Amino acid sequence: MKEHIPVMVNEVLEALRPWEDVGTAVDATLGLGGHTGYILNNCPNAYIIGFDQDPYARKIAQENLSQYSERFEIEADNFRHIEKLKERPQWTGATAVLFDLGVSNMQITESERGFSFQGDGPLNMRMDAAGSSNSTFTAKDILDNSSIKELTEIFRNYGEERYSYEIARGIIRNREQGESLNTTGELVELIRKILPAPVQRKMGGHPARKIFQALRIAVNDEIRSLEEALDGSLKILKPDGKMLVISYHSLEDRMVKTRFRKWQEEGLGKAKPRKAITPTENEIENNYKSRSAKLRIFVSEINTSKKGDKADALHRIPT
């Protein structure tokens, strides 16, 4: 079993109380099965449907959760298609949907996947490395073919990188000189050359971190996928069903916060609690990945999980 420490698992379990009332639930970001394992262990009536587009993660999750084989199943798909669960015969809705939007340690630490700025690997960054309709191009494709304006927008919008234009300009100049970026190590080296040493010292982290985040988001169409997944999740929840979303950077958290506020204004449910839940100091000390995590919870008040729902209710749900 691959070791995996799920973030804010105690807070997730607390939000799911009473545990005996948890029935069919969806882990929209199954990963290695960390959260799902804890839910199945503590919620005796839970049946989990886990979404994941990464074949490597699915294989490990299947092994990690083998003791619960009769109480969970895996959907080999991107979570943007979560609404398709409504098409299942006898579907009555989910009591909970969980999102953990962080990139798994497995993806980061295995340099051949191309996610890590700390190791050298191909400029891939596709969540489904075998290729999927959600990832039709790689990070290398973006770097080789985008204009300075396009790169600047990707780095600024998805990475919130202050020096987006300078880095984009440096990449374009490198390309114009006949140089090609083929590995993550080459991209890191180029970024270090582009940014002056005093700037790098003031960045408070690895100078390539936000650029890698931006490229990963662009490659996997993560923003639109998340928008579709959130809207689809609301449509599969039972009344009093709970949507739990753990995010790790402000771009995702703002989207979740805005969605929850809009739904509440439309009378579709409430954010409970109103503000995000953050990890304890003890968890941050023991699991550094959790330091930037925020958990937001939305409780549905309208049954949108069945065919033949009230037209006005469906009309008010963003699509």
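Couple of notes before you dig in:
- Scoring E160 on the criteria (1) touching a residue at least 60 places away in the same chain (Cβ under 8 Å); (2) touching a Leu at 6+ places or on another chain (Cβ under 8 Å); (3) buried (at least 21 other Cβ atoms within 10 Å of the Cβ) leaves a single failure, condition (3).
- The residues of region 201-236 that are more than 17 Å from the chain's Cα centre (by Cα), over 15 Å from L151 (Cα atoms) and not assigned by TED's automatic domain parsing to the domain that holds V26, listed by number, are R201, K202, M203, G204, G205, H206, P207.
- Taken over region 221-258, the criterion of being surrounded by fewer than 21 Cβ atoms within 10 Å (Cβ to Cβ) and outside any helix (DSSP H, G or I) is satisfied by D221, K238, P239, D240, Y248, H249.
- Yes/no for T304 being of a type in the set (V, I, T) and either crowded, with 19+ Cβ neighbours inside 10 Å or at pLDDT below 95 (or both): yes
- Failed item in (1) without any contact (Cβ under 8 Å) to a residue 40 or more places away in the chain; (2) out of contact with any strand residue (DSSP E or B) (no Cβ under 9 Å at 6 or more places or on another chain), with D54 passing the rest: (1)
- Residue match in region 44-63 (condition: among the charged types (D, E, K, R), in a strand (DSSP E or B) and buried (at least 16 other Cβ atoms within 10 Å of the Cβ)): no
- Answer from Q90, Q62 - the residue that is at pLDDT 95 or above, over 14 Å from L237 (Cβ atoms) and in the same structural domain as D240 (by TED's automatic domain parsing): Q62
- Spans of helices (runs of 4 or more DSSP H) in region 93-210 with at least 1 residues of a type in the set (F, W, Y) and modelled with pLDDT of 95 or more: 148-159, 164-176
- Condition check for L215: surrounded by 14 or more Cβ atoms within 10 Å (Cβ to Cβ) and not in a helix (DSSP H, G or I): no
The values are calculated or read from the model by the stated rules, or taken from the named source; none is laboratory data. Nothing here was measured: the structure is a model prediction, and the numbers come from that model. Quick reminder, even Gly has a Cβ in these numbers, built from the backbone with ideal geometry, and neighbours come from all protein chains shown.
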